[in-house]
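Working notes for the structure below.
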Amino acid sequence: MSILTAENLRLSFGAFDLFRNISVHIANDSKIGLIGPNGVGKTSLLLILAGINEPTSGVVNLARGRRIGYLRQEAVDAFASQENTVFAEMLTVFSGLRAQAEQLHAMEAQMASGDYTDELLESYGTLQIAFEHAGGYDYELRIQKTLEGLGLGKDYWHTPLNHLSGGQKTRALLARLLLEKPDLLLLDEPTNHLDIDAVEWLEKALLEWEGAVLSVSHDRFFLDNTVTTIWEMTPGGIDVYPGNYSAYLLQRQERWEYQERVFKEEKERLLKEVDFIQRNWVRASTHARALGMLRRLSRDLAVVQNYGILALRSGKKWSEFGLSVERHLDPIEAQRIVNGLQSGNSRPLVIRPRLAASHLGGNIVVRAERVTVGYPGKHLFDARDLELRRGECAALIGPNGSGKTSFLKTLLGQLEALDGEVRLGGGLKVGYFTQAHDGLNLEASVIDELLLHKPMAQQVARNYLAQYLFRGDDVFKTVQTLSGGERARLALAILALQGANFLLLDEPTNHLDIPACEALQQVLEDFSGTILLVSHDRFLLDRLATQIWELRGEYLNVFHGSYREFLLRSGTQTGKAATQKRLPPMPVRPLLRGEDYKTRQLQQNLERIESRIHEQENVIRRLSGELQKASEKQHFEQANKLSWEMARAQIALESLMGEWEQLAVV
């Protein structure tokens with residue numbers, strides 16, 4: 001059954017269609033990722049599906065009694081008129097349960113004073129069952145876990161909402177939505193403002209989500225881990241791909257090739273029909289046949305103009321398109337329209353950067369021993385025994401504010417180490433890409449900023465910038481008027497001119513849409529030099545990294561291997577430790593009539609977590625058996641998938657054990 005259906009949605013601004021022909025449905029348990037280039041209308045579509053904005057045409061139907069939760073991409077204006085603290089705002093979600101708790105307390109006080117009437121006991125029992133069923137004994141624990149998981153720990157709980165930053169407000173809004181448990185979550189870039197730990201927590205929460213989820217995201221790793229269907233949005237509609245993002249990549253190339261072949265074949269057929277009509281139009285003996293063909297052609301072109309040329313292969317009858325032809329085309333009009341047909345291929349335009357190292361440089365690129373990074377009076381972290389060799393890629397990861405950018409500045413000599421020394425190898429030419437694009441002159445035009453870094457002829461500069469999608473008058477825009485994605489593209493264009501053999505990349509995919517991220521990824525994979533990469537883009541980390549430098553606490557730890565191996569190693573180790581633990585027996589005794597509410601709550605929570613721990617252990621045993629069978633049969637794709645599932649299951653078990661331990665010591 002569908003929670004939501006949309007039919008023939010179109011959004012226009014004057015004569016310009018932002019999108020059209022969108023017909024979709026969302027089932028009860030759908031997990032959908034909505035992708036597409038920047039500017040195609042993804043946020044506008046979410047606003048329409050959420051019932052906030054109206055489409056130019058088309059209808060949206062929400063099943064009766066179902067609720068939608070919508071997370072805006074930026075929530076700067078959220079909570080503007082509210083004086084609540086963070087924790088108090090989360091409590092408002094459970095106002096009904098809190099009222100029931102007050103009733104239970106009042107009844108318990110009556111029973112404690114000796115009132116044990118049948119009517120009171122029956123009312124108490126009925127209310128207690130309803131309270132427990134609705135999660136009354138664990139809602140405060142849910143609030144705590146949700147806020148902590150999204151990076152709003154105890155230090156923020158008593159902070160007024162209007163004192164939060166824009167990113168913190170977005171996290172608070174997301175926390176409240178998750179606690180409200182709507183039937184359909186519409187999430188617009190939910191991983192913005194989250195560090196990797198918070199994103200991984202959110203992925204786990206969405207995997208366990210019982211309702212439907214539609215996420216707009218540029219985070220390809222997030223899409224891989226949370227969705228089972230991809231919607232690719234283009235101005236002409238939505239293409240649906242079963243599976244996660246990686247499955248979509250495999251199917252997309254085949255669909256592009258099919259679209260190109262169908263377009264070529266259909267256009268050739270239409271041109272032949274136009275040619276036949278023109279050659280036989282003036283002949284009395286064949287005019288009737290040419291006229292009949294022109295009428296059919298007029299209908300075909302009406303379908304093409306409204307639904308695209310691929311619709312001619314849909315198998316639909318003319319009546320099913322719901323179109324009417326007020327007048328039939330004449331042969332000259334038909335020829336003009338057919339000649340002007342453009343491919344409806346959804347293959348997007350992408351940047352085509354080329355990063356070429358001017359020379360190889362030395363074998364040792366970075367070496368550090370016993371280095372302390374920070375500022376005078378502020379220690380950030382210690383690093384020991386770092387070594388990065390030519391051709392390698394080190395991924396520097398860690399929570400926001402842990403010192404990643406400070407470490408890059410230390411490498412560049414912009415910040416002096418508090419202790420020790422970071423040494424760069426000989427023959428290096430360093431290229432630095434900052435997430436804030438600090439080096440760009442905001443007052444300069446795009447083309448002047450490029451020429452400042454490398455003089456060249458104007459036409460050569462324009463041709464070069466066209467590779468980065470700056471075309472026509474775009475090259476005369478000032479830098480300060482560019483969007484974040486456009487500034488990132490300009491910074492990459494300048495970086496590619498430098499011929500660097502050692503790249504320091506600080507969040508290079510920020511503000512880039514998925515096609516641009518894919519293009520950049522391909523370029524970096526082909527780069528012959530050395531890379532030190534700071535990024536929250538785990539898909540990019542997984543494709544590039546040969547070392548992981550993890551900032552955890554006050555230390556930088558080195559893992560030699562890919563990001564996927566790092567995750568599996570970390571997950572497997574915590575999983576083994578968790579499975580070796582055994583729960584000590586808990587004393588069990590009957591609950592006394594009128595017993596303290598918190599004691600009952602504690603025992604209920606412990607029993608619930610113990611049950612989930614045993615279930616999770618069974619899941620791990622099952623996955624372990626399936627993984628062994630897949631490995632023996634050399635089904636490597638299946639084994640890889642099962643490895644991921646097992647790592648996530650083991651991490652989930654460790655989390656449950658941590659929850660149990662916190663409660664058991666109370």
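Computed from the coordinates by the stated procedures, all read-outs in this text should not be read as laboratory data. Remember, it's a predicted structure, so these values are computed and weren't measured experimentally. For neighbour counting, all protein chains shown are included, and Cβ atoms are generated from backbone atoms with ideal geometry for every residue, glycine included.
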Original post:
If you find the alpha carbon centre of the range 297-335 and of the range 445-476, how far apart are they in angstrom?
Top reply: 42 Å
**OP:** Give me the net charge of residue 550's neighbourhood, meaning all other residues with Cβ under 15 Å from the Cβ of residue 550; Lys, Arg count +1, Asp, Glu -1.
**Re:** -2
Original post:
In which sequence would 56, 43 go, from the one with the fewest C-beta neighbours within 10 Å to the one with the most?
Top reply: 56, 43
**OP:** Give the Rg/Rh ratio for the range 1-119, taking Rg as the radius of gyration of the Cα atoms and Rh as the Kirkwood radius, to two decimals.
**Re:** 1.21
Original post:
Going from the alpha-carbon gyration tensor of the range 447-526, what semi-axes, largest first and in whole Å, does one get by taking the root of 5 times each eigenvalue?
Top reply: 20, 16, 12
Subject >> Fully extended contour minus Cα-Cα distance, from residue 57 to residue 384, at 0.36 nm per residue >> reply: 111.5 nm
Original post:
Here are some pairs, 169/404; 42/181; 181/317; 264/316; 42/316; which of them have Cα atoms lying more than 31 Å apart in this structure?
Top reply: 181/317
Original post:
Packing-wise, with mean Cβ within 10 Å as the measure, how do 96-107, 327-338, 401-412 rank, highest first?
Top reply: 401-412, 327-338, 96-107
Subject >> Footprinting exposure proxy for 29, 526 (fewest neighbouring C-beta atoms within 10 Å first) >> reply: 526, 29
Original post:
Taking other Cβ within 10 Å of each residue's Cβ, how do 30, 246, 217 sort, fewest first?
Top reply: 246, 30, 217
**OP:** Bin width 10 Å, alpha-carbon pairs only: give the P(r) of the chain as whole percents, running from 0 to the bin holding the largest distance.
**Re:** 3, 12, 19, 23, 19, 12, 7, 4, 1, 0, 0
**OP:** State the antiparallel share, in %, of DSSP beta bridges confined to the chain, rounding to the nearest 5.
**Re:** 55 percent
Original post:
Taking only Cα atoms, what is the 0 to 90° angle, nearest 10, from helix 287-307's long axis to the longest principal axis of the chain?
Top reply: 30 degrees
Original post:
Going by alpha carbons, how many degrees (0 to 90, nearest 10) lie between the helix axis of 245-280 and the longest principal axis of the chain?
Top reply: 20 degrees
